[in-house]
Structure formats: C-alpha cells, structure tokens
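The block underneath contains the structure these notes are about, expressed in structure tokens.
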Amino acid sequence: MAQCLAPSVQWQTRLTKNAMETSSMTSKMWNSVSFKQSKKGAFKSSTKFRICASSSGTINRVEDLLNLDVTPYTDKIIAEYIWIGGSGTDVRSKSRTLSKPVEHPSELPKWNYDGSSTGQAPGEDSEVILYPQAIFKDPFRGGNNILVICDTYTPQGVPIPTNKRAKAAEIFSDPKVVAQVPWFGIEQEYTLLQQDVKWPLGWPVGGYPGPQGPYYCGAGADKSFGRDISDAHYKACLYAGINISGTNGEVMPGQWEFQVGPSVGIEAGDHIWCARYLLERITEQAGVVLTLDPKPIEGDWNGAGCHTNYSTLSMREEGGFEVIKKAILNLSLRHADHISAYGEGNERRLTGKHETASINTFSWGVANRGCSIRVGRDTEKAGKGYLEDRRPASNMDPYTVTGLLAETTLLWEPTLEAEALAAQKLALNV
C-alpha cells in the first residue's frame, strides 16, 4: 500500500529526561521540525508526520532514520552542494557522498548539474560545473556532514552570467584591496509569508494589522510573528560557523532581520548566501514562505533592505573620517552604477519614505536613516570608523554589492573636475 506522508501542522516541543541533552532549538513552534542536540553538540533534525494510510509505526521508523547517527558505522559523510539559481536570488542544492571528512574546499571534487532546469543553460548544452568555494557545518544532518557553497562555470571554465562571485573574488584579490582589509557587516531583512495565501505571517488573511510602531523589536503574541523561526535560524547559523552577529524583529509585522559580520572580503558573500540557504530550509520545514522582495506589501509599510556596513583599514585608523568622506564622494559619482546592481524592484522601496532615500538622488548624513549613506555618531565623534550603504535591497547579491563598494572606493578614480563638483554639491571638504 502506498504511504502518504505530510508534515504536521504544529511545531513539536521535545523534552528529554536529561535537560542538559535538550537542544535550545527545541522551543515550541508551529510546524514540522524540532531540533535535538546530541551529547557531542551536533543538531539532528526530526520531522513529525501525519499518516494518510499506514500504521503509527511508520512515524517512528521515519523519525529513527532521520535521527540516525551513522558516524560509528562509516567514515563517509554527506556534502550538500549549494549554488545560486537562474533568477539570481534562488538557492539550489543537491547531495553527494564523500569517502571521508574534509576540512578545505580544495579537497572537494567539482560537480555538475543540469543548467537547463535552473534557467542557466540551453537544453542542448546543459552542463554547468560547480566549483566548491566555502565549507560550513551542516546543522540539519550534524556529525561531520557539511554544506558547500559553490560558484558556477561552463565546462570550459568560464563563469556563467549568474556567477557574481567570480568577479567579486577578482576585486578582492587585487593587492590594493587586500592591503586595506575591507570589512563588511550586512543586515539582511526578510519577510515571512503564510504558505497558502502568500500574505505576511500574523496578518489576518486579506486584511491588515494595526499600523507600524509596536512591532520593531517587539514582544508579545500580537506584536511578534515568527520569532521561533528567527531563533532557530540564529542557532543553525552559529552551529554552521556563519559569522552571524545578531537578529531582531523589524518595523513591519512578519518581517525580521539578521546581521552577518564583520566579515573580510569575499567571506561576506559566502556567509550571507549560506545563511539564506539555512533560512530557506528552516522555513520550508516550518511550512512558511520566505520572501526577499524589497517591498512585499504596498502602502504605508516598510520595505526590506540589506544595509551594508563597510570600512577599510584606512577608515578604521586615525584620520579615517576624511577617508570615509572621500569614499562617499566616489560613491556619489557612481550612484547609478550601484543602484542598477543593488536589487530588482528596489525602485518600489527607495521612495524617500519609510527610512529610505530617493532612488534618484544620492545623499549622505550623520545618523540620518533617510540618506543613501549613513555615518554613525560614534564614527563622527571618534574621527574614524565605517559607513553604512542603505541603498541595497533585501534581494541584492552580496558578492555584487561588496565587490562594488571595494571597487568604487579603492580602485576607481574620478576625474579631478568631477570630484570637485561632487564635493561642492555634497558639502564634503575632501
């Protein structure tokens, strides 16, 4: 008899007799997955199932297999190869068995996939090659199993158009950039949607909650929607080795943010993409839809951005504020280039309202969240620090944004005339 299995509606709380062996990820949630922590600290996933046509024994057998620790029986591990799909924002992955644990991407074999099924190659020449670039621990399978961030190439070794990592890696390997040790702190905002109606989590279907105000960093059943997903993601990132530095509820109900960094160079993009993958997997198991749309709900509601904090060695040293102002000047002169690469649909978000600057006008200010570039009060006071680029949309490619920031501020030189005019317009005494 065919078995029909479906995830349960409620998140399940799992408590062991020994509280020390209970994972902190096993909080009460409303969908299919809970996490248990082994004595060695590895998270294991377990899934609750409804059985359409079977005995209750099937539930236990599936759970037993999902929780099975194969480490005592084999040296083999599972590697989940992850790449960016044809839309430029979707993540794809598939698994393969490796004969033993690995520690560095250079130990991993290249692989391939059908690019015609992801919108990245024609059917008559569909093979796309995966190059392993970064390794993270797998919080879903635990043990020595790994997640592998890959970029994508033709069989001839040419980066395909959606491979933004290759260009960023070229920028970050430039000696001028290497010497400046660029740091990035990325604030990834996202929105959680109800699965069947594609409407924000916690909102009445077809209706609206109360106006914005009580939801940002709020607590309570009528203010915070999706905290368990945010917390599960936080801990999964820490387990994986992602440099996640914090999280918070956002201004629009059902919207959240996590921060990654400070990260150096290309690492920032690798960590954001892996964090996005983990979030996709967790929301998949929770029966909730993740969207990175920069303006998921029209009207008097905040959009979703990916503010990118940036500094160089010279900005962090004494006299760094003057270097920051020179960087702002360069960014103003390439405003159109940055906007064109900062995310699809960003014009719906950058309206000059809801803590954004107009997409058509470059501006900067100290502690001003309505500017293109914000400088913090601490940076102004110390005379050194960092700047925040508030223009990137939530669906931006972190390789593109970080690479552009480094290129514009460290490698690109404007003409003296353009520089003087821009400095006068922005009231920058550079």
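Of the beta bridges in region 182-299, as assigned by DSSP with both residues counted there, near 100 percent are antiparallel. Close amide-amide hydrogen proximity is noted between Trp111 and Leu130, each under 5 Å apart and 5 or more residues distant or on a separate chain (H modeled in the peptide plane; Pro and chain starts excluded). For the pair region 385-430 and region 291-320, the centres of their Cα atoms are 13 angstrom apart.
Couplings for region 253-258, taken from phi via the Karplus curve 6.51 cos²θ - 1.76 cosθ + 1.60 with θ = phi - 60°, read x, x, 10, 9, 9, 10 Hz in order; Gly and Pro are left as x. Label-to-label distance for Ala418 and Glu127 is 4.3 nm, based on points extended 7 Å past Cα in the beta-carbon direction. Taking the longest Cα principal axis of the chain as reference, the axis of helix 416-425 is set at about 80 degrees.
Here the chain has 52 percent of its accessible surface on carbon and sulfur atoms, given a 1.4 Å probe and all protein chains in place.
The residues neighbouring Val323, those whose beta-carbon lies less than 11 Å from its own, together hold a net charge of +1 under the Lys/Arg +1, Asp/Glu -1 convention. Here the sum of -39500 (n - 2.57) over DSSP H runs of 4 or more residues, divided by the residues of the chain, equals -7000 deg cm²/dmol at 222 nm, to the nearest 500. This structure gives volume of the Cα convex hull per residue in Å³, computed directly, and of (1) 182; (2) 248; (3) 139 that value is listed as (1). May I ask for the longest run of the chain untouched by chymotrypsin sites (Phe, Trp or Tyr not before Pro) that are loop-located per DSSP and have at most 14 neighbouring C-beta atoms (other than their own) within 10 Å? Result for the longest clean stretch: 74-411.
Please report how far the C-alpha centroid of region 62-125 lies from that of region 211-271, rounded to the nearest whole angstrom. Spelled out, the Cα-based centre of one part sits 26 Å from the other.
So what's the angle, to the nearest 10 degrees on a 0 to 90 scale, between helix 320-333 and the longest Cα principal axis of the chain? Helix 320-333 sits at roughly 90 degrees to that axis.
The number of Lys pairs in region 56-181 with C-alpha atoms less than 27 Å apart, excluding pairs fewer than 8 positions apart on the same chain, is 17.
The values are calculated or read from the model by the stated rules, or taken from the named source; none is laboratory data. None of the values given here were measured: they were computed from a predicted structure. Because the Cβ atoms are built from the backbone with ideal geometry, glycine has one as well, and the counts that use them run over all protein chains shown. Surface areas here come from the heavy atoms of the whole protein model, side chains and all, with no ligands, DNA or RNA. Shrake-Rupley method; radii C 1.70, N 1.55, O 1.52, S 1.80 Å.
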